[in-house]
Amino acid sequence: MAFDGTWKIDRNENYDKFMEKMGVNMVKRKLAAHDNLKLTITQEGNKFTVKESSNFRNIDIVFELGVTFNYSLADGTELSGAWSLEGNKLIGKFKRVDNGCELNAIREIVGGELVQTYTYEGVEAKRIFKKE
């Protein structure tokens, strides 16, 4: 269970451009860049619990691999989709409820860090976390 543990945001790559493409306004983008996001991930078989804690909200997300669920981003954008495990990567394939556009996410451990890569409409961003 390589993902298990508490992960604190360390840095972002191209996150502002990604959020802009998602339609997040400038004020929210500036705040989100400094959200102090912390993820606590636990895995029990095919079931994952992700506790998100940030300056803006605290939420528990529970999902089972391959099972579609609904999720709201911090800015209120509604998504529907599922996570799967492919090798050492968690692959998330989601669609926005408002416009049907795809938002894809990958979580993987690289060099002891949790790297989340997001792709939306051709724009890719990364959020890199260090284990606490």
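How many residues does the range 71-101 hold that are of a type in the set (A, V, I, L, M) and in contact with a helix residue (DSSP H, G or I) (Cβ under 9 Å, 6 or more places away or on another chain)?
Of the residues in the range 71-101, the ones of a type in the set (A, V, I, L, M) are 73-74, 79, 82, 85, 90-91, 97.
Applying the additional criterion that residues be in contact with a helix residue (DSSP H, G or I) (Cβ under 9 Å, 6 or more places away or on another chain) yields 73-74.
Counting residues in the range 71-101 that are of a type in the set (A, V, I, L, M) and in contact with a helix residue (DSSP H, G or I) (Cβ under 9 Å, 6 or more places away or on another chain) gives 2.
Among residues belonging to the range 47-84 that are in a loop (DSSP other than H, G, I, E, B) and modelled with pLDDT of 95 or more, point out the one that is nearest to Trp7 (Cα to Cα). Break it down into steps so the answer makes sense when it comes.
Step one: list which residues in the range 47-84 are in a loop (DSSP other than H, G, I, E, B), which gives 54-57, 65-68, 73-77.
Of the ones still in play, those that are also modelled with pLDDT of 95 or more are 65-68.
Details: Leu65: 21, Gly66: 24, Val67: 24, Thr68: 25 Å.
It comes out as Leu65.
Which one of these is buried (at least 17 other Cβ atoms within 10 Å of the Cβ), under 26 Å from Lys30 (Cβ atoms) and not aromatic (Phe, Trp, Tyr): Leu79, Leu90?
Testing whether each residue is buried (at least 17 other Cβ atoms within 10 Å of the Cβ), under 26 Å from Lys30 (Cβ atoms) and not aromatic (Phe, Trp, Tyr) leaves just Leu79.
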In the range 93-121, anything within 19 Å of Thr6 (Cα to Cα), under 10 Å from the mean Cα position of the chain (by Cα) and open to solvent by 40 Å² or more (accessible area, probe 1.4 Å) is listed as Ile106
Looking only at the range 117-132, which residues are closer than 16 Å to Arg11 by Cβ, touching a residue at least 60 places away in the same chain (Cβ under 8 Å), part of a strand (DSSP E or B) and not small (Gly, Ala, Ser)? Tyr118, Glu124, Lys126, Arg127, Ile128, Phe129, Lys130, Lys131
So which residues in the range 85-116 are among the β-branched types (Val, Ile, Thr) and assigned to a strand (DSSP E or B), if there are any at all? Ile91, Ile106, Ile109, Val110, Val115
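Scan the range 122-132 residue by residue and report those that are surrounded by 18 or more Cβ atoms within 10 Å (Cβ to Cβ) and over 12 Å from Leu39 (Cα atoms).
Residues of the range 122-132 surrounded by 18 or more Cβ atoms within 10 Å (Cβ to Cβ): 125, 127, 129.
Correct list: Ala125 only.
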Just give me the residues in the range 117-132 being of a type outside the set (Gly, Ala, Ser) and out of contact with any Asp or Glu (no Cβ under 9 Å at 6 or more places or on another chain), in sequence order. Glu132
Give me a count of the residues in the range 1-45 that are open to solvent by less than 90 Å² (accessible area, probe 1.4 Å), assigned to a loop (DSSP other than H, G, I, E, B) and not β-branched (Val, Ile, Thr). 11
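The values are calculated or read from the model by the stated rules, or taken from the named source; none is laboratory data. The model shown is predicted, which means the values in this text are computed figures rather than measured ones. Counting neighbours? That spans all protein chains shown, and the Cβs are built from the backbone with ideal geometry, glycine included. SASA here: full protein model, heavy atoms, side chains in, ligands and nucleic acids out. Shrake-Rupley method; radii C 1.70, N 1.55, O 1.52, S 1.80 Å.
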